[in-house]
Amino acid sequence: MTSAPRPTGRPRSQASNGYAMIAPPALYALLLLALPLATVVYLSFMTDGPGVREVIRTFTLSNYLQAWTDPIYRALMGRSLFVSTMVTLFTVVLAFPVAYFVSFHVSPSRKSLWLFLITIPFWTSYLVRVFLWKVILGYNGVVNSGLKALGIIDQPLTWINVNVGAMVATLAHAYAPFAILPIFVALEKIDRSLLEAGQDLGESRLMTFFRVTLPLAMPGVVAAVLIVFIPTVGDYVTPDIIGGGKLPLIANVIQKELLAIDNMPLGSAIAVSAMLIVGTVSAVFVLLNARFLKVKK
Amino acid sequence: MTSAKPMIELKDVQKWYGDYHALRGINAEIRAGEFFSLLGPSGCGKTTLLRTIAGFEDITSGVVMIDGKSMEDVPANQRPTNMVFQSYAIFPHLSVEQNVGFGLRRDPRTAVEKQKAVDEALEMVGLKGYGKRAAHALSGGQRQRVALARALILKPKVLLLDEPLSALDKKMREHMQVELIKLQRQVGITFILVTHDQEEALVMSDRIAVMFEGEIAQLDDPESLYRRPKTRKVADFIGVMNFLPATVLSEAGGKVDVDVHGFGRATIDAAQVSNSHDGATAVGFRPETLTLLYEGQVAADREAPGTVEEVVYYGDMTYYDVKLDGVAAPVRISMRNVFGREVLERGARTRVAWAPGALVLFR
């Protein structure tokens with residue numbers, strides 16, 4: 001592809017050049033994202049057939065009725081949202097000081113080293129990191145055997161391995177870098193003279209933080225919230241491994257409905273519902289972000 | 001306009017950054033109500049000194065007093081100073097009036113009174129009706145006005161301005177210079193301006209401290225600084241100064257007899273002598289103190305022959321580089337382009353009128 005005008009005919013327009021460039025990923029997105037998504041939406045309005053993977057092509061809303069009224073699904077959706085909210089809260093609240101430290105207290109020449117260190121967990125597979133927490137918190141894990149060896153407990157503690165807290169800890173650890181980086185970028189963009197101006201105008205360091213630094217870092221915080229919240233709602237590996245299947249989240253039940261129970265329309269309806277809920281929550285944050293971005297230069 | 005009472009006293013202020021000696025014993029008194037400038041090339045310590053007064057930099061040793069009180073251990077947010085930052089530091093997440101009212105949070109006045117104060121401050125800087133605008137949508141000149149209003153609304157004892165005009169274009173800069181002078185007279189607050197632009201300093205200041213390498217080289221009013229620079233370096237930094245090598249012949253009764261190469265003998269008053277020992281003996285003079293003589297004109301005092309080497313035409317002025325007979329380096333002479341006076345060509349022979357009273361002797 002060349003930007004120089006061709007000798008004959010009109011030069012290719014910028015727009016068509018652009019389309020040509022985005023065509024491969026667009027095709028990819030269409031085939032591997034849009035089509036399956038459309039299929040799931042389509043299936044969610046169909047009726048379950050008696051055979052394996054059989055779907056009767058009759059339009060119905062009963063899947064959605066069941067997905068939204070059955071107490072089990074409501075409870076699981078609630079638990080999923082609770083877990084991802086807690087994970088988001090912990091991750092972002094813990095990530096902020098790290099990002100702040102690197103941005104404000106690490107000398108510029110050492111910042112890239114720190115960022116590199118922060119991304120080191122990515123060198124290990126997510127699955128391995130989840131297992132790591134199982135090893136730490138498991139029935140015969142590091143914590144339990146350690147406490148037993150010290151004579152503090154006789155029997156392994158069971159409440160530390162199969163509970164929501166363990167799941168939150170695992171996920172928060174896994175997503176920490178994702179939260180640190182956008183907050184760090186937002187903090188880096190803050191003109192340091194603004195902080196001096198805050199103090200010059202009579203505010204203490206703490207008040208300057210609340211009146212200047214924090215509002216200006218909000219786009220990064222909102223980005224971190226979205227980056228952590230959206231994938232954790234749909235996570236199904238952690239509940240399987242950490243929760244040992246005893247504390248399923250919404251993604252686990254979708255998987256079950258689609259495969260083991262073989263009710264594809266119901267599974268699809270739950271998936272679409274979950275997507276709508278996450279979409280709504282995310283939209284609120286995106287709008288919040290837009291409000292902050294609007295006033296940023 | 002100025003009184004003798006010092007608003008700021010600096011006593012042997014020293015500042016080290018590791019091995020780097022940024023401020024090397026600054027001693028100065030800045031009077032209440034004065035428009036004071038710190039002038040110098042970049043890296044001379046002028047901004048460091050300003051930030052020291054503001055409280056953003058700790059000093060290594062020495063005393064900074066503001067209004068008779070030592071500022072030791074007084075943080076920036078408790079000093080009676082406010083700053084207009086070089087970047088203006090307008091809060092991008094706030095509106096114009098929120099920016100201007102930022103420092104009023106703990107002010108005991110009611111919200112209505114505060115709003116009135118904000119409106120008045122905006123009116124003072126010529127931004128009436130801009131209060132609801134988003135700060136990031138303003139032009140450079142408007143941002144600067146917001147920064148001024150935001151600082152002045154707190155009625156500081158001293159307003160610190162860190163190269164506030166350097167980001168503006170020439171027209172706007174000249175306009176703002178005059179506005180700042182008027183504003184300073186109106187509010188009567190001590191202004192301290194940091195600038196590297198000697199013209200700006202001359203135009204705006206009551207007094208100027210010229211700084212080089214962490215030291216004040218000369219502290220004077222603009223006219224003295226321009227006419228009687230104490231060192232060659234100051235002379236070079238403020239405007240254009242021609243130098244001609246000279247030899248001291250004799251010295252008696254407050255007069256110094258010198259032989260100026262290219263000009264001849266002259267007697268210089270002791271007040272016009274600088275004993276800075278920062279180079280070979282020379283006399284200095286400004287381009288406008290010399291006049292090119294046209295045919296039939298006679299010098300009022302003395303004259304010297306020479307050749308026009310370069311002509312720089314500025315519209316209202318023409319600068320000539322003239323090589324005086326017997327001198328290697330040319331001197332620069334400025335002439336107003338009055339009606340009927342032709343601009344000389346390069347290579348033209350000419351005569352230069354000069355007077356001993358305009359010479360400064362550096363030795």
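Which positions within the range B:53-76 get 40 Å² or more of their accessible surface covered by the other protein chains, compared to the chain by itself, with a 1.4 angstrom probe?
Flagged in the range B:53-76: B:Phe56.
Starting from the Cα-Cα distance between A:Phe104 and A:Leu33, subtract it from 0.36 nm times their residue separation and give me the gain in nm to one decimal.
Full-extension gain reported as 21.5 nm.
State the extension gain, in nm to one decimal, for the chain segment bounded by A:Val135 and A:Leu259, taking 0.36 nm per residue of separation less the distance between their alpha-carbons.
41.8 nm
Which residues of the range B:92-110 end up with at least 50 Å² less accessible area in the presence of all protein chains than when their chain stands alone, using a 1.4 Å probe?
By number: B:Pro92, B:His93, B:Phe102, B:Arg105.
Put simply, what bits of the range A:200-216 lose 10 Å² or more of accessible area when the other protein chains are there, versus the chain on its own (1.4 Å probe)?
Residues losing area: A:Asp200, A:Leu201, A:Gly202, A:Glu203, A:Ser204, A:Met207, A:Arg211, A:Val212, A:Pro215, A:Leu216.
Which FRET efficiency value, to the nearest 0.05, is calculated for B:Gln186 and A:Ser204 with the Förster distance at 22 angstrom and r the Cβ-Cβ distance?
My answer for the efficiency is 0.10.
So how much accessible surface do A and B hide from each other in total, probe 1.4 Å, in square angstrom to the nearest 100?
It comes to approximately 2000 Å² buried between A and B.
Give the long-range amide H neighbours of B:Val125: residues separated by 5 or more places, or on another chain, with amide H under 5 Å away, using H modelled in the peptide plane at 1.01 Å from N.
Correct list: empty.
How big is Rg to Rh over the range A:57-295, alpha-carbon atoms, Rh as the Kirkwood inverse-mean-distance radius?
With Rh from the inverse mean 1/r over Cα pairs, Rg/Rh is 1.06.
Show me, for the range B:187-193, the HN-Hα J-couplings you get by feeding each phi into the Karplus relation (A = 6.51, B = -1.76, C = 1.60, θ = phi - 60°), rounded to Hz, glycine and proline as x.
Taking θ as phi minus 60°, the curve returns 8, x, 7, 5, 10, 10, 10 Hz for the range B:187-193.
Enter the angle in degrees (range 0 to 90, nearest 10) between the Cα long axis of helix B:140-152 and the first principal axis of the Cα atoms of chain B, meaning the one along which they spread out most.
60 degrees
Which whole-Hz ³J(HN,Hα) couplings does the range A:273-285 yield from phi under the Karplus relation 6.51 cos²θ - 1.76 cosθ + 1.60, θ = phi - 60°, glycine and proline marked x?
4, 4, 4, 5, 5, 4, x, 5, 4, 5, 4, 4, 5
How do B:His277, A:His173, A:His105 rank by accessible surface area computed with a 1.4 Å probe, from largest to smallest?
Order by accessible area, largest first: B:His277, A:His105, A:His173.
B:Ser70 accessible area, nearest 10 Å², 1.4 Å probe?
50 Å²
List, in the order given, every pair from B:Lys157/B:Lys233; B:Lys46/B:Lys157; B:Lys116/B:Lys171; B:Lys170/B:Lys230; A:Lys189/B:Lys157; B:Lys132/B:Lys157 whose Cα-Cα distance in the structure shown is over 24 Å.
The answer is B:Lys157/B:Lys233; B:Lys116/B:Lys171; B:Lys170/B:Lys230; A:Lys189/B:Lys157; B:Lys132/B:Lys157.
Compute the accessible area per residue over the protein assembly as shown, keeping the other protein chains in place, probe 1.4 Å, unit Å².
Result: 50 Å² per residue.
Compute the distance from the alpha-carbon center of the range B:108-139 to that of the range A:13-41, in whole Å.
Here the two parts' Cα centres lie 50 Å apart.
Amide H of B:Arg302 versus every other amide H placed in the peptide plane: which residues, excluding those fewer than 5 positions away on the same chain, fall under 5 Å?
Amide H neighbours of B:Arg302: B:Trp354.
Suppose the chain between B:Thr267 and B:Glu295 were pulled fully straight at 0.36 nm per residue; how much longer would it get relative to their current alpha carbon spacing?
Result for the pair: 7.3 nm of gain on full extension.
Using each residue's phi in the range B:44-51, evaluate 6.51 cos²θ - 1.76 cosθ + 1.60 at θ = phi - 60° and report the 3J(HN,Hα) Karplus result to the nearest Hz, with x for Gly and Pro.
Once rounded to whole Hz, the list reads 8, x, 5, 5, 4, 5, 5, 5.
Please report the projected area of chain B's Cα convex hull averaged over all directions, in nm².
Taking the Cα atoms of chain B, their convex hull projects to 22.6 nm² on average.
Report Rg/Rh for the protein assembly as shown, rounded to two decimals, where Rg is the Cα radius of gyration and Rh the Kirkwood radius.
On the Cα set of the protein assembly as shown, Rg over Rh gives 1.17.
What percentage of the solvent-accessible surface of the protein assembly as shown, computed with a 1.4 Å probe over protein heavy atoms, is contributed by carbon and sulfur atoms?
60 percent
Could you give me the percent of Cα pairs per 10 Å distance bin for the range B:240-363, shortest bin first, beginning at zero and ending with the bin that holds the maximum distance?
Going out from 0 Å in 10 Å bins, the range B:240-363 shows 13, 45, 30, 11, 1 percent.
When you count, for each residue, the other Cβ atoms within 10 Å and take the mean per peptide, how do B:14-27, A:243-256, A:111-124 rank with the highest first?
For the peptides B:14-27, A:243-256, A:111-124, the packing ranking is A:243-256, B:14-27, A:111-124.
Taking amide hydrogens as modeled 1.01 Å from N in the peptide plane, which residues meet the under 5 Å criterion relative to A:Thr47, leaving out close sequence neighbours?
A:Ile56, A:Thr58
Would you mind computing the Rg to Rh ratio of the range A:238-294 from its alpha-carbon coordinates, Kirkwood style for Rh?
Radius of gyration over Kirkwood radius for the range A:238-294 works out to 1.19.
Please give the FRET efficiency for B:Ala355 paired with B:Met317, using the beta carbon to beta carbon distance and R0 = 22 Å, rounded to the nearest 0.05.
That gives a FRET efficiency of 0.65.
Pop the C-beta distance of A:Val142 and A:Val164 into the FRET formula with R0 = 25 Å and round what comes out to the nearest 0.05.
0.80
The values are calculated or read from the model by the stated rules, or taken from the named source; none is laboratory data. Please read all numbers here as calculations on a predicted model, not as lab measurements. Positions of Cβ are backbone-derived with ideal geometry, glycine not excepted, and every protein chain shown enters the neighbour counts. Heads up: the accessible areas ignore ligands, DNA and RNA and are worked out on the full protein's heavy atoms, side chains in. Shrake-Rupley method; radii C 1.70, N 1.55, O 1.52, S 1.80 Å.
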